[in-house]
Amino acid sequence: MNQPEEKDLFDRIKKGDEKAFEMLFHKYYGHLCSFASKIINDDTSAEEIVQDLFVKLWEKRGKLFIETSFKNYLFRSVKNLCLNFIQHNKTKIQHAQIVLSEIESNFSDDDNYPEIDLAFKIEESINSLPEKRKEIFRLSRQEGLKYHEIAQKLNISIKTVETQMSLAIKTLRDKLKNYSSFFTFL
């Protein structure tokens, strides 16, 4: 696609032309997924990153201003999102290592292990959630479904899933506040 064609396509997308957006998606989606996968070495996360980019692109289409070519913009955006993903994962791993070292330093072999109590307390707290909220929480945290997958499976909106998850996490955080160093893993 040459520069004038890209500019025309971009102008059509800015005006809300879904067909133009679909053309852009089909043209670049596979290439962007492959590019992202090479950076983060995770096909599933790479696809999510690219899908998120396209969602944001559509949502902010009216406000976008692209000085370079559309292709360069897309690949640069994916690269930046991948770097953010890597940094976020490093931070999670570092935090988990800190928590584990704190746990290990606080307990000797003779101590009771509070994580056993925690497992029971977590299950008890999850079971105390309202039915729908409990189901949404389990689908997300125990079955690993994404919010859009849960919404589709339960035939509810993504916003409802987000709200219910937020309420579930708040409730569990309150009920498990005595186990705050462990709660980060939940």
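Nothing in this text is a laboratory measurement; each read-out follows from the coordinates by a stated rule. In this text, all values refer to a predicted model and were calculated from it rather than measured experimentally. Cβ: placed from backbone, ideal geometry, glycine included. Neighbour counts: every protein chain shown.
Exactly one of (1) part of a helix (DSSP H, G or I); (2) touching a helix residue (DSSP H, G or I) at 6+ places or on another chain (Cβ under 8 Å) is unmet by Tyr73. Its number?
(2)
Anything in region 128-183 that is of a type in the set (Asp, Glu) and within 18 Å of the chain's Cα centre (by Cα)? List them, or say none.
If the condition is that a residue be of a type in the set (Asp, Glu) and within 18 Å of the chain's Cα centre (by Cα), then Glu143, Glu149, Glu162 are the ones that fit.
Would you point out the residue of region 120-176, among those that are in a helix (DSSP H, G or I) and among the acidic types (Asp, Glu), that is nearest to Ser45 (Cα to Cα)?
Only one residue fits best here, namely Glu149.
If you take the residues in region 8-33 that are in a helix (DSSP H, G or I) and loosely packed, with under 14 Cβ neighbours inside 10 Å, which one is farthest from the chain's Cα centre (by Cα)?
It comes out as Asp8.
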